[in-house]
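No lab work stands behind these numbers, since they all come straight from the coordinates. Keep in mind it's a predicted model, so treat the numbers as computed, not measured. Here Cβ is always computed from backbone atoms with ideal geometry, including for glycine, and neighbour counts include all displayed protein chains.
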Amino acid sequence: MTTQVTIAVRNVVKAFGAGDAAVRALDDVSLDIRKGEFFTLLGPSGCGKTTLLRLIAGFEMPTEGQILLDGTDISALPPNKRPVNTVFQSYALFPHLTVAQNIGFGLQMQGRPAAEVDATTKRMLALVKLDALATRKTSQLSGGQQQRVALARALAPQPKVLLLDEPLSALDLKLRKEMQIELKRLQTETGITFVFVTHDQEEALTMSDRIGVMSHGKLQQTGTPREIYTTPVNRFVASFIGETNFLPGTTVPGGVRIGSGAVVETATSRPGDVTVAIRPEQVRIVAASDPGAIPATITNLVYFGTDTHFHLALADGTEVVSRLQSGTDEARLTPGTAVGLRFAPGAAQVLED
Amino acid sequence: MSAAEDALRKRSDRNGWLLSAPALILLLFAASGPLLIVLVYSFLTPGQFGNVVWDFNLDGWRGILFTRDIFEGTLVLADAHLTIFWRSVWLSILTTVITFAVGFPTAWFIATRPPKQRAMWLFLITIPFWTNLLIRTFAINEVIRNEGLLNTLLIWIGVIDTPIQIVYTDAAVLIGMTYVYLPLMVLPLFAAIDRFDMRLLEAGYDLYASRLQVLRRIILPIVKPGIVAGSILVFVPSLGAYVTPRVLGGGKNMMIGNFIELQFTQGRNWPLGAALSMTLLVIVMIALLIYVRAANRGDNPHG
């Protein structure tokens, strides 16, 4: 499959401060963002994801490295010379302008003819369903409406890339869910490359074509939501996205011997002391007598409605969580019961630490 | 509304009036009273040794624009008066423009300092208020006079051979007024810029605006209330300035304030002074109306 790269980040380092006090917000990050995709930068606060977004927007200059847009180095261009627009976390709508004037601002600054500005503004208003509010001041709008204006304003000049800096974080849960669907629709309809920054793993998994997981100024892993979830490359990615059981052990032929003495079959392998990661929903509870099952004892169970989480202890005390669909088994599986554990084939991952 | 609620509302209304009564009485006597007296005096006849004679006529008002020819007794247009009016308005406009040009970057600088430093900078701005206006004006005089600091320095480094005549010119009055009224421009501008959301700058640059466009299309419209307030605070007292033109402008570069004073002292023409005072009031009001209307224009192009 050939894919066109829109944004190429090449060995970018961004340091704040000088000398010994310098802090590396970004540490040798390289990344390709493909044309027309919904790419999410995911990570905890302070991981450098917003800094990377600001570098792409042009608000910051890289200390080292390059940022290419369609193959051209744009690292030195100021924000107003880059065909890239941003939806700000605070929205940053112009309070002295109406909704329509806000949306038309970018086009006006580009020097487009008035007729075109009006026509595009009308189209954008329709796209974000704000036709009725065109002449309102932005302070008279609700949070969700302001969000739509911010989106329409950034989309109006038809940028090559739309950058979104945690745009949904100020909205309440219900509105956030609606806007997630709305964003995805806008991205599909406009075909513009979206680079979305969030610390919310669920948001990242549901909306993105691909995700870049960041931590401590480094890109930890890039891949589709499924790849990131099922085959995390390291402990950070595995623990940041979803819940995971970590089982320390040593590599033996055919798998990893974990602390309790049992051998876990793994899809991948690396020599020496390793950690096996297994998602709770991939841990199945079977009878203690089941041959090949790992012996365990139920210590606790937590009922979540559709799911029930079983907390189990292995022979050496290692804690493992199993997530099962709630059903009739609970009566049998009470705390203190001795059971066996089986891991779904190919689900156990060996992590680099 | 029940009878009890009604009674409560009436009582709170009455208490409101009672509480504001001292302020209202003070305003009535201290502001409106003298103004009324000045208005009445402007229609009276000048007394021989100052004061007024209770004899109604319009000579005071006529004297604003016309003067009676000493030999022929006919009315001729008083060029000198018009020059004074024009100098007052023009110097006040210039003062406002210059204090804005100097004050805006200053206010921006202060507003963009870390919060802890801001208080210190604002404190420095207000230091001139600690000293009497007259003393500050003489200090300016000391700097710009022919044997003063500036000319001595310029001659010493060899830029000029003979002192530049600054003092007793309009330029001296302008320098003095700019210095005196600058804080009145900086403080409201600072208040407006301090409220300005700096993140809007990034939004502007992101949407293809150049630095100049960000200034013109985003910053200036949003801090406009501060610009209007600062301009009024500078323009109005400039127009009525008395001490600065008196000390730095010498006898011949009078402004309206000095001209009015002249009528009440050597001129012994209180009605003319009173009429001039009322004229100053009217000029200020007209100027404010024009200014506020111009400032509001373009606020709501779509209604």
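For this structure, a couple of remarks:
- Filtered by the rule that a residue be out of contact with any helix residue (DSSP H, G or I) (no Cβ under 8 Å at 6 or more places or on another chain) and in contact (Cβ under 8 Å) with a residue 24 or more places away in the chain, the stretch A:183-198 gives A:Gln187, A:Gly191, A:Thr193.
- Filter pass, B:Leu262 being in contact (Cβ under 8 Å) with a residue 24 or more places away in the chain, away from every other protein chain (no Cβ under 14 Å) and either crowded, with 17+ Cβ neighbours inside 10 Å or farther than 30 Å from A:Lys81 by Cα (or both): no
- Considering B:Ile286, B:Ile227, the condition of being of a type in the set (Val, Ile, Thr), within 17 Å of the chain's Cα centre (by Cα) and within 14 Å of another protein chain (Cβ to nearest Cβ) is satisfied by B:Ile227 alone.
- Annotation note: of A:Arg342, A:Arg257, A:Arg284, the sole residue that is without any contact (Cβ under 8 Å) to a residue 24 or more places away in the chain, farther than 18 Å from A:Pro232 by Cβ and among the charged types (D, E, K, R) is A:Arg257.
- Each residue in the stretch B:198-224 was checked for being surrounded by fewer than 18 Cβ atoms within 10 Å (Cβ to Cβ) and more than 7 Å from every other protein chain (Cβ to nearest Cβ), and 7 of them qualify.
- Flag if B:Trp108 is over 21 Å from the mean Cα position of the chain (by Cα), surrounded by 13 or more Cβ atoms within 10 Å (Cβ to Cβ), in contact (Cβ under 8 Å) with a residue 24 or more places away in the chain and closer than 20 Å to B:Leu239 by Cα: no
- Residue count for the stretch A:296-353, restricted to those that are closer than 30 Å to A:Thr250 by Cα and either of a type in the set (D, E, K, R) or assigned to a strand (DSSP E or B) (or both): 30
- For the stretch A:71-88, residues that are surrounded by 15 or more Cβ atoms within 10 Å (Cβ to Cβ), in a loop (DSSP other than H, G, I, E, B) and more than 8 Å from chain B (Cβ to nearest Cβ) total 5.
- The residues in the stretch A:103-128 that are within 9 Å of chain B (Cβ to nearest Cβ) and either without any contact (Cβ under 8 Å) to a residue 24 or more places away in the chain or crowded, with 23+ Cβ neighbours inside 10 Å (or both) can be counted, and the count is 5.
- Exclusive hit being within 14 Å of another protein chain (Cβ to nearest Cβ), of a type in the set (Ser, Thr, Tyr) and within 30 Å of A:Ala238 (Cβ to Cβ), set A:Thr3, A:Thr40, A:Thr50: A:Thr50
- Test: residue in the stretch A:234-244 that is more than 30 Å from A:Glu265 (Cβ to Cβ) and in contact with an Asp or Glu (Cβ under 6 Å, 6 or more places away or on another chain): no
- Entirely in the stretch B:179-273, the helices (runs of 4 or more DSSP H) that have 2 or more residues that are farther than 29 Å from B:Thr137 by Cα: B:199-206, B:211-214, B:224-239
- The single residue among A:Ile74, A:Ile67 that is without any contact (Cβ under 8 Å) to a residue 40 or more places away in the chain, closer than 29 Å to A:Ala18 by Cβ and among the β-branched types (Val, Ile, Thr) turns out to be A:Ile74.
- Identity of the residue in the stretch A:7-60, in contact with a strand residue (DSSP E or B) (Cβ under 6 Å, 6 or more places away or on another chain), free of Cβ contacts under 8 Å to residues at least 12 places away in the same chain and assigned to a loop (DSSP other than H, G, I, E, B), that ends up nearest to A:Arg82 (Cα to Cα): A:Gly17
- Qualifying residue in the stretch B:177-190 (condition: under 31 Å from the mean Cα position of the chain (by Cα), within 14 Å of another protein chain (Cβ to nearest Cβ) and closer than 24 Å to A:Ser90 by Cβ): no
- Taking the stretch B:1-100 and the helices (runs of 4 or more DSSP H) fully enclosed by it, the elements with 1 or more residues that are surrounded by 15 or more Cβ atoms within 10 Å (Cβ to Cβ) and of a type in the set (Ser, Thr, Tyr) are at B:33-41.
- Condition met for A:Ala313 (on the phi < 0 side of the Ramachandran plot and surrounded by fewer than 15 Cβ atoms within 10 Å (Cβ to Cβ)): no
- Flag for A:Thr230 being polar (S, T, N, Q) and touching a strand residue (DSSP E or B) at 6+ places or on another chain (Cβ under 7 Å): no
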